[in-house]
Amino acid sequence: MNKKHRAAFAADPSFLARIAHTKSGTNAASVAADQKLPKREPSKAVLRAKKVQEANKDGRYDAVVSDESLGTLTFIFSGAMLLSLNVSLRMHDAKASALKDTWKKRVQAVVLENRALIYAWQQRCRFPLIVEEVYITAESALLDTEAVAAACKPIIDALVFNQVVPDDNCKFICQPLAYTERGPSPALLISFKPSPKPWGFIDDASVELARAAAKQRSVD
């Protein structure tokens, strides 16, 4: 062991406490509190996730609206908050799962309250669907539109889990359309509407150009 390593161990209170305990045979609980490692504070990501989860537990003012002429089914989650993708990636899996479970329960409640309305829409809806995702936030920082779409994934998963739509693959949901702005209090709208084409509102020429590029690459 070199001098630098010895000096580092000599300056480590936890290491010195373990040595003292080994020599004296004293109980580890008797080691002085100031020689123990400090308690780790929750990270900003954990605190943010907890705040969002608590806000998303309250579904008392949630509503479902159906427009038969447009073929739409709209969920309004009053007071709901979204978690950015960056924060989600820094979270422990257990905390991320807890947030998803919160959405499953909240969606389950509003689906049960509006079962007849949802069933009637399901009988006449045609796939694939466009999903409009409108997020109103009372916070100073706005998510970008891609972040809103990513943050809505747990809600879409919860709607699939509660059998509002069969799945979220491209056969049933072809395109998310996200938008966000500031408001006096948070709210989230998720609206399903029939798509005019299998690729949503993307221009036909763009689809054909992408197909041509893929075809050319396969030939080369």
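The values are calculated or read from the model by the stated rules, or taken from the named source; none is laboratory data. Source: prediction; values computed, not measured. Quick reminder, even Gly has a Cβ in these numbers, built from the backbone with ideal geometry, and neighbours come from all protein chains shown. Each accessible area value is taken on the protein alone, full model and side chains, heavy atoms only, with ligands, DNA and RNA left out. Shrake-Rupley method; radii C 1.70, N 1.55, O 1.52, S 1.80 Å.
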Under the Karplus relation with 6.51, -1.76 and 1.60 and θ = phi - 60°, whole-Hz ³J(HN,Hα) for segment 182-197, x at Gly and Pro, equal 8, x, x, 8, x, 6, 9, 10, 10, 10, 9, 9, x, 8, x, 8
Cα extents of segment 121-220 along the three principal axes, largest first, in whole Å? 54, 37, 21
Count the net charge of all other residues whose Cβ sits under 12 Å from the Cβ of V148, scoring Lys and Arg as +1 and Asp and Glu as -1. -4
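Using a 1.4 Å probe, what is the accessible area per residue for segment 44-195, in Å²? Show your work: numbers first, answer last.
Working: 8180 Å² over 152 residues.
Dividing the accessible area of segment 44-195 by its residue count gives 54 Å².
If we sort 65-78, 143-156 on the protection proxy, mean other Cβ atoms within 10 Å, highest first, what's the order? Mind dumping the intermediate values first?
On the way: 65-78: 15.7, 143-156: 19.1.
Result, highest mean Cβ count within 10 Å first: 143-156, 65-78.
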How charged is the neighbourhood of A187? Take every other residue with its Cβ under 11 Å from the Cβ of A187, and add Lys/Arg as +1 and Asp/Glu as -1. -2
What is the P(r) of segment 44-195, as percent of Cα-Cα pairs per 10 Å bin from 0? 11, 43, 36, 10, 1
What are the ³J(HN,Hα) values, in whole Hz, obtained from phi via the Karplus relation 6.51 cos²θ - 1.76 cosθ + 1.60 with θ = phi - 60°, for each residue of segment 160-166 in sequence order, with x given for Gly and Pro? 5, 4, 8, 6, 6, 10, x
For segment 207-217, in residue order, the Karplus 3J(HN,Hα) values (coefficients 6.51, -1.76, 1.60; θ = phi - 60°; whole Hz; Gly and Pro = x) are 5, 5, 5, 5, 5, 5, 5, 5, 5, 4, 5
Charges only on Cβ, +1 for Lys and Arg, -1 for Asp and Glu: so what's the dipole of segment 98-220 about the Cα centre, in debye to the nearest 20? 480 debye
For segment 44-195, averaging the sequence separation of alpha carbon pairs under 8 Å that lie six or more residues apart and dividing by its residue count, the contact order in percent is 34 percent
